[in-house]
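First comes the structure, then the notes that go with it.
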Ligand code: SRM
Ligand SMILES: Cc1cc2nc3c(=O)[nH]c(=O)nc-3n(C[C@H](O)[C@H](O)[C@H](O)COP(=O)(O)OP(=O)(O)OC[C@H]3O[C@@H](n4cnc5c(N)ncnc54)[C@H](O)[C@@H]3O)c2cc1C
Ligand code: SF4
Ligand code: FES
């Protein structure tokens, strides 16, 4: 049932980095880890809306650039003492291309 | 008897023949075509033939006797040119052969990058015996240069073989680390180190631009301008299925010849096997799955049941002394966790990837003795929840072996320098301990190690602990972060003495406990590496805080501020006009004069940064680095130009200093000021480095601050000329860069090493000159405008996709 939308070449996102996707309801950040996994999350920290795409990526987490909250890329959960969660969307790499589950756009409309 | 014709006498069809003949020798008449003028040999053993460890005779699988005995008609040295499916006939150069069943096993063809010069004599692929012999011939005299393009399995085996034959080999690899499909960067680092130890040069991130030469290959040129001499070039950049004959016959072909699980092509009388096939979207490049395919294909021809199921694969490299192993999937997928183990003493690295309490991937380097055990866990999808805590230590350690925080120091050779100030090596400290020095004070007294700046104290204590065992208890020291047990000072010494020049090298040799560090250690390591190895290390943008990655200060709403440099606080009407224009054009909400004598444009959108920089660049302005752990501003007063008390040209000196120091990275921010007389209007005595001009010269003082701590500077020295002032400031800056802990301002660093030690560094004129020289070497790389550079990659500041329209549908 899920259809995948082609986004861009994996190489357009730096290793341990992120880039943004514009959607009608704000930006989604696509992260690439050191081992070439990709994850898609809302680009807003649960703390004070820090732009997560600008954070430092390590293992499967990103550190928010504003006040250093650490967020799991897999679950969107805030790590450590702080609490909160960011919405995540299914993403994967197929033949060197990043693709996102089309249903994610729908999900965002509901959110 | 039916006629079976086979195209290709390779490793896959060889197995098919063995299975068929063993099951029923009377079922088929065989005709075997092969383009190579020989029958089946063990292709994977070409590497030992290349290195001289084996001869061709030793790797032949089926010889003439075997083919004769089993009634296989051989058509070797004859390529099949076409297939007539209507007539069920195969066409070779020496005549047609009819078939009832046809087996295509044409393997694959090496990929040749179509750069200029790729067809010169001396450029070869690595696929068959003829290629191997051509390489052996090229290595006829010692020391001849060879270039191998491609740092994957084949390329590295070729490189190692050629090196053993005495050639001087360089490997060019496109990716950032070797064998990136099988290894992660950490294991790739260890492999590179082992290869370099045997004299093979490795050039990663290298894109081949052209192969040079007139009648024969003479060299290889890369995109970055590097040129390597070469009397032989081996291209080992990949393979693609050899499906030409099948495609021309109208069979369904995608990347390879499409087959079902019974190895049947789109024509039921034609089957295919080996590297030439594509099954369920997959291609195959290792023999294990081909052997499974061969078994299935034989069953189908004998009209039995059979079905091919791809299994997990594992990889090893056949280069003696490079012990590596990788299996399963250690790259993609959600819900996974890593376990990492490093033993720098033995050069061991292991990484396990776990998903849903099962092992799904493993990468190992150095010690692969347990690889089969791990591979078994992956293949059998064993539940590992119970042994999770000790899993990484392998089957023998199911009781648990804690990682040893001292192993990195234990691994150091006796020649490793521990104390940089006094040039004391580990061996000298060990000797002192053996002679009775059993604590830090005694070591200081007998060897002088850690008696000067003291930053190596941690390492000296670790040598004591390693040598004395339980008799020495290390005072607790603060490690950089949870990724390591080492302190900043320990890691800095390791980077220098062990010549660690990449992140991977530091993680491995210092025993990092995570796979790729964290937001605390990575920026520090990035700084240490670029400060110590400015020419060798490439700055890693992903290890920098956003301000330094994007060369602008992030604001609380995610916008940025833009501060162009105003050298020494001097500006012009033209610059002010350009700033005003930019502020209007990009609707900058706030324009403010900063405390650093320049103008801040606050609230610029991330996407607009390259465009506003471009406008400012065009008006002659560059980045003010208002965001950097590096030189910020040199504040000045008006000095002799206008002021009735001025003693020297403070504005002019400030501008010269700013033009010399700008772009340099330092452990924390670096602010300077030059005042024209002791009235000190530029507030020079609360800066990191301050200059007060006096009639007789220049008083240089350091260690001031006016932030969370307010400090007055302390006098470093007084000199007579401007030129000497600039030299002293470069030297003290370089000493700070080389020795301080990341995020220590100068006053904190001086607090640790002592003002006397810093004075000694500067007073010793040879040392001062050496510091100045090293500062200049670093500035040859970093004294440039990052804005201008980023304007050329403006697209990286834009979103990668715009789905606003799709959502509207
Ligand atoms: C723009 C400016 C204030 C102003 O409007 O004047 C400013 C703005 C910031 N300062 Fe500052 N400082 C500015 C002059 C100063 C000064 C005065 C000076 O340099 O003469 C000081 C005290 C002197 C000193 O550094 O010792 C100063 C002491 C600090 C500190 C405390 C440092 C410390 O070691 O205690 C911080 C925090 C830090 O760096 O960790 C800080 C950090 C910051 C940051 C970068 C906060 C941040 O991390 O985001 C602010 C960035 C604002 C932005 O987005 O642009 N700023 N800051 C001044 C820029 C000067 C320039 O042209 O580059
Ligand atoms: C140097 C080297 C080292 C390797 N090391 C390993 C290793 O360590 N482990 C591992 O698992 N794998 C290794 N491999 C890969 C392994 O050798 C291959 O996967 C395997 O040989 C493929 O078998 P195949 O039968 O499909 O093709 P091949 O063995 O290539 O046989 C195909 C044959 O078909 C012939 N042919 C092609 N077209 C025609 C035509 N039109 N008419 C007639 N004949 C034709 C070719 O000349 C060739 O002889 C290595 C390969 C090389 C080159
Ligand atoms: S430093 Fe001295 S000379 Fe310069 S402006 Fe101030 S008072 Fe005048
Ligand atoms: S906004 Fe992310 S940590 Fe504060």
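The requirement of being more than 22 Å from residue B:805 (Cα to Cα) and more than 7 Å from chain B (Cβ to nearest Cβ) is not satisfied by residue A:63. Taking the criterion of being surrounded by fewer than 16 Cβ atoms within 10 Å (Cβ to Cβ) and more than 12 Å from residue B:236 (Cβ to Cβ), the residues of the range B:102-135 that qualify are B:114, B:116, B:119, B:121, B:130, B:133.
Hey, can you tell me all the residues within the range B:684-700 that are more than 24 Å from residue B:566 (Cβ to Cβ) and surrounded by 16 or more Cβ atoms within 10 Å (Cβ to Cβ)? Result: B:697, B:699.
Taken as a whole, the condition of being surrounded by fewer than 22 Cβ atoms within 10 Å (Cβ to Cβ), within 20 Å of residue B:517 (Cβ to Cβ) and either more than 7 Å from chain B (Cβ to nearest Cβ) or under 11 Å from the mean Cα position of the chain (by Cα) (or both) applies to residue A:70. Could you list, in sequence order, all residues of the range B:180-192 that are more than 11 Å from the chain's Cα centre (by Cα) and at pLDDT 90 or above? Listed by number, the list holds a single entry, B:191. Those helices (runs of 4 or more DSSP H) of the range B:455-549 in which 2 or more residues are modelled with pLDDT of 90 or more and within 11 Å of chain A (Cβ to nearest Cβ) occupy B:503-509, B:521-532. Within the range B:648-663, being closer than 30 Å to residue B:539 by Cβ and either within 16 Å of ligand 1 (Cβ to nearest atom) or within 14 Å of chain A (Cβ to nearest Cβ) (or both) holds for B:654, B:655, B:657, B:658, B:661, B:662, B:663. Checking each residue in the range B:350-385 for being more than 14 Å from chain A (Cβ to nearest Cβ) and assigned to a strand (DSSP E or B) picks out B:350, B:358, B:359, B:364, B:365, B:383. Taking the range B:664-696 as the search range and keeping residues that are within 12 Å of residue B:630 (Cα to Cα) and part of a loop (DSSP other than H, G, I, E, B), which one is farthest from ligand 1 (Cβ to nearest atom)? If we take residues in the range B:664-696 being within 12 Å of residue B:630 (Cα to Cα) and part of a loop (DSSP other than H, G, I, E, B), then B:664 is farthest from ligand 1 (Cβ to nearest atom). Name, by its number, the condition in (1) more than 14 Å from chain A (Cβ to nearest Cβ); (2) assigned to a strand (DSSP E or B) that does not hold for residue B:278. That leaves (1) as the condition not met. Scan the range B:203-244 for residues that are within 12 Å of ligand 2 (Cβ to nearest atom) and surrounded by 20 or more Cβ atoms within 10 Å (Cβ to Cβ) and the total you get is 5. Within the bounds of the range B:245-262, is there any residue that is near ligand 2 (Cβ under 9 Å from one of its atoms), more than 14 Å from chain A (Cβ to nearest Cβ) and in contact (Cβ under 8 Å) with a residue 40 or more places away in the chain? Checked against the condition, which is being near ligand 2 (Cβ under 9 Å from one of its atoms), more than 14 Å from chain A (Cβ to nearest Cβ) and in contact (Cβ under 8 Å) with a residue 40 or more places away in the chain, the range B:245-262 yields at least one hit. For the residues A:40, A:87, the requirement of being modelled with pLDDT of 90 or more, within 10 Å of the chain's Cα centre (by Cα), surrounded by fewer than 16 Cβ atoms within 10 Å (Cβ to Cβ) and more than 9 Å from chain B (Cβ to nearest Cβ) singles out A:87.
Among the candidates B:696, B:675, the residue that is outside the structural domain of residue B:568 (by TED's automatic domain parsing), touching a strand residue (DSSP E or B) at 6+ places or on another chain (Cβ under 9 Å) and within 14 Å of ligand 3 (Cβ to nearest atom) is uniquely B:675. When B:525, B:576, B:601 are checked against the criterion of being outside the structural domain of residue B:742 (by TED's automatic domain parsing) and in contact (Cβ under 8 Å) with a residue 40 or more places away in the chain, a single residue qualifies: B:601.
Within 16 Å of ligand 3 (Cβ to nearest atom), under 17 Å from residue B:647 (Cβ atoms), touching a residue at least 40 places away in the same chain (Cβ under 8 Å) and surrounded by fewer than 20 Cβ atoms within 10 Å (Cβ to Cβ), is that true of residue B:681? So residue B:681 passes the test. Filtering the range B:300-311 to residues that are in contact with a strand residue (DSSP E or B) (Cβ under 9 Å, 6 or more places away or on another chain) and surrounded by fewer than 17 Cβ atoms within 10 Å (Cβ to Cβ) leaves only B:310.
Filtering the range B:528-544 to residues that are under 17 Å from residue A:54 (Cα atoms) and without any contact (Cβ under 8 Å) to a residue 24 or more places away in the chain leaves B:541, B:542, B:544.
The values are calculated or read from the model by the stated rules, or taken from the named source; none is laboratory data. The model shown is predicted, which means the values in this text are computed figures rather than measured ones. Cβ coordinates were reconstructed from backbone atoms using ideal geometry, including for glycine residues, and neighbour counts include every protein chain displayed.
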